[in-house]
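Reviewing the structure listed below.
The values are calculated or read from the model by the stated rules, or taken from the named source; none is laboratory data. Treat the numbers as computed from the prediction; the structure is a model and nothing was measured. All Cβ positions, glycine included, derive from the backbone under ideal geometry; neighbour counts span all protein chains shown. Ligands, DNA and RNA are stripped out before the accessible areas are found, and what is left, the full protein with its side chains, is counted by its heavy atoms. Shrake-Rupley method; radii C 1.70, N 1.55, O 1.52, S 1.80 Å.
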Amino acid sequence: MVIDLQNFTPYASLIGGVMIGLAALLLMLTHGRVMGVSGILGGLVMPAGKGDMAWRVMFVIGMLAGPFAVIHLLGRPVEIVPAASGMLLPVAGFIVGIGTAVGSGCTSGHGICGLARLSPRSTVAVATFMATGLATVYLVRHVL
Amino acid sequence: MTRHISLILIGALFGGGLALSGMLNPSKVAGFLDLFGIWDPSLAFVMGGGVVANSIGHRLVMSRAGPVFTAGNEGFRLPTANAIDSRLIIGSALFGIGWGLGGLCPGPAISSLLLVPGDALLFALMMLAGLAVGRMLTSGPAARPAAQP
């Protein structure tokens, strides 16, 4: 293992992580909802009822706007370099969607929220998606 | 109205955190998952900071009778499913494969939409399609705990 010191951003990542954790906390405190993005989006594509839509839409609007506030405060753009191109990207998107629906959660719901509640189910989910994520990047970058 | 504004602000805090942390950058995510190459450990700090911040406050929040804005008898809607079953494993395993391939998980796929429209939009649309298909495949009560009345 070689540590990538050039791209290592411990402070920005830690502060960003705390912001994400606080957002999860505030969503539970104010609305009693788990901040799981796949679940929030799932309720938009397969609506459960009329009164269940508005809070999801408002949260997503905030998610879209948030990065612009950070870019404004930093005074520079956020670096975004694609990891995949061509057909791989939509295929990856579809797998992420179906996987998080079947597994009932993603990095936010199982990760930030489930681990904070010490949920055994979420711990298994996080260990599983970390393992297959590591294996996938290993295969793509070092084998194929 | 206050409810809606608070939701937008909380969503923005989340989206801003994703942007600051580096989670919106697929190549940084891939660098974190590249444990056997040149490894960028930054995103472990994102998960660590997020989980610790959330868990410290979680106990305080749970000591309340209910959420601040929720009307009526709606309490805290915590997941009720506790089975560690094949669905959890297969779904999470698939998610990890897609995350490794594209470098985007659901939150960043949405929060980067207006920053890099082309690529992120295609990924996000297919992700929403996958979410719909996944929900249809598994339409049981455990599939959508948050949607139960």
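Odds and ends about this structure:
- Flag for residue B:10 being surrounded by fewer than 24 Cβ atoms within 10 Å (Cβ to Cβ) and either closer than 19 Å to residue A:36 by Cα or not hydroxyl-bearing (Ser, Thr, Tyr) (or both): no
- The helices (runs of 4 or more DSSP H) found entirely in segment B:36-127 that carry 3 or more residues being in contact with a Leu (Cβ under 7 Å, 6 or more places away or on another chain) and farther than 20 Å from residue A:41 by Cβ are B:42-62.
- For the residues A:92, A:116, the requirement of being closer than 20 Å to residue A:133 by Cα and either more than 7 Å from chain B (Cβ to nearest Cβ) or open to solvent by less than 60 Å² (accessible area, probe 1.4 Å) (or both) singles out A:92.
- Set B:124, B:120, B:132: member being open to solvent by less than 40 Å² (accessible area, probe 1.4 Å) and more than 7 Å from chain A (Cβ to nearest Cβ): B:120
- Hey, residue B:18 within 7 Å of chain A (Cβ to nearest Cβ), out of contact with any Ser or Thr (no Cβ under 9 Å at 6 or more places or on another chain) and under 13 Å from residue A:19 (Cβ atoms) or not: no
- Those residues of segment B:56-110 which are farther than 18 Å from residue B:123 by Cα, in contact (Cβ under 8 Å) with a residue 60 or more places away in the chain and either crowded, with 24+ Cβ neighbours inside 10 Å or more than 7 Å from chain A (Cβ to nearest Cβ) (or both), in sequence order: B:80
- Residues of segment A:1-27 classified as within 18 Å of residue B:28 (Cα to Cα) and of a type in the set (A, V, I, L, M, F, W, C), total: 9
- Segment A:6-61, residues that are of a type in the set (S, T, N, Q) and more than 7 Å from chain B (Cβ to nearest Cβ): A:6
- A Cβ distance below 9 Å, combined with a sequence gap of six or more or placement on separate chains, defines the contacts here; from segment A:76-88, residues that are more than 7 Å from chain B (Cβ to nearest Cβ) reach residues that are open to solvent by 70 Å² or more (accessible area, probe 1.4 Å) in the pairs A:85/B:119.
- Selection from segment A:120-144 of residues that are open to solvent by less than 20 Å² (accessible area, probe 1.4 Å) and among the small types (Gly, Ala, Ser): A:122, A:125, A:133
- Exclusive hit being in a loop (DSSP other than H, G, I, E, B), of a type in the set (Gly, Ala, Ser) and surrounded by 21 or more Cβ atoms within 10 Å (Cβ to Cβ), set A:24, A:84: A:84
- Residue A:99 out of contact with any Leu (no Cβ under 7 Å at 6 or more places or on another chain), within 7 Å of chain B (Cβ to nearest Cβ) and in a helix (DSSP H, G or I): no
- Filter result for residue B:122 (more than 15 Å from the chain's Cα centre (by Cα) and either acidic (Asp, Glu) or at pLDDT 90 or above (or both)): yes
- Tallying residues that are among the aliphatic types (A, V, I, L, M) and open to solvent by 70 Å² or more (accessible area, probe 1.4 Å) within segment A:56-73 yields 2.
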